[in-house]
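Colleague: Dropping the structure in here first, questions after.
The values are calculated or read from the model by the stated rules, or taken from the named source; none is laboratory data. Note that this is a predicted model, so its numbers are computed, not measured. Note that we place each Cβ from the backbone using ideal geometry, even for glycine, and neighbour counts take in every protein chain shown.
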Amino acid sequence: MIKVVTIGVYGFDAESFLWTLKQAKVRVLLDLRQRRGVRGHEYAWANSQRLQAALAEAGIGYEHHVELAPTTDMRQAQYAEDERQGVGKRSRQVLAEEYARRYTAEILDQADLAPIASGAGVAALFCVEADPEACHRSLVADRLTETYGIEVEHLRP
């Protein structure tokens, strides 16, 4: 049986990120980002090739699940709500209702999560936001719990 954790980029540096994954006994990191880069020099370690190299060195697998990434249009709807509420992307604490509704209907309801659910060990759902409640990875985690009874733990900086 698999256990799932979720983790974001913000609030971590490369060392603390890898340490947190190792403490959670993560076997594979499932990258749920559409674009696998992060702006800002302090997060350059999370850009795809650097991240994959660091994970490999740490003995942690990597899979890109672009089918679970929100579309650009969905992200734009979230950014519009962030702007309306005067919240920056890195300080967002919840997802916009429209974003969550669209992500669920257009992505999550169409996705086959069985391959993730049938894995063994600990898998980490990965995106950028520090708070899982502000990220689509929480919607994926909730669906894994609801559908497959999978235990989920949110790793925070």
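Colleague: What pairs come out if I take residues in segment 31-45 that are under 19 Å from CYS135 (Cα atoms) and pair them with residues that are surrounded by fewer than 13 Cβ atoms within 10 Å (Cβ to Cβ) whose C-beta lies under 8 Å away, six or more apart or interchain?
Modeller: Sorted first by the residue in segment 31-45, then by its partner, the pairs are GLN34/VAL66; GLN34/THR72.
Colleague: Can you name the condition, by its number, that LYS22 falls short on among (1) free of Cβ contacts under 8 Å to residues at least 40 places away in the same chain; (2) under 19 Å from ASP131 (Cα atoms); (3) charged (D, E, K, R)?
Modeller: (2)
Colleague: Okay, next question. Give all pairs with beta carbons closer than 6 Å in which a residue from segment 128-157 that is crowded, with 17+ Cβ neighbours inside 10 Å meets a residue that is at pLDDT below 95 and of a type in the set (D, E, K, R); count only pairs at least 6 apart in sequence or on separate chains.
Modeller: Taking only residues 6 or more apart or on different chains, the pairs are ALA134/ARG92; CYS135/GLU129.
Colleague: Name the residue that is surrounded by the fewest Cβ atoms within 10 Å (Cβ to Cβ), counting only residues in segment 26-70 that are among the β-branched types (Val, Ile, Thr) and at pLDDT 95 or above.
Modeller: Filtering first and then ranking leaves VAL66.
Colleague: Follow-up question, since we're still on this one. Within the bounds of segment 94-101, is there any residue that is aromatic (Phe, Trp, Tyr) and within 18 Å of ILE7 (Cβ to Cβ)?
Modeller: Looking through segment 94-101, none of the residues is aromatic (Phe, Trp, Tyr) and within 18 Å of ILE7 (Cβ to Cβ).
Colleague: Residues that are more than 17 Å from the chain's Cα centre (by Cα), at least 3 per element: which strands (runs of 3 or more DSSP E) completely within segment 1-104 meet that?
Modeller: Numbers: elements: 2-7, 26-31, 61-64.
Of the strands (runs of 3 or more DSSP E) lying wholly inside segment 1-104, none has at least 3 residues that are more than 17 Å from the chain's Cα centre (by Cα).
Colleague: Looking only at residues in segment 127-155 that are of a type in the set (A, V, I, L, M, F, W, C) and assigned to a helix (DSSP H, G or I), which one is farthest from LEU29 (Cα to Cα)?
Modeller: Top of the filtered list is ALA134.
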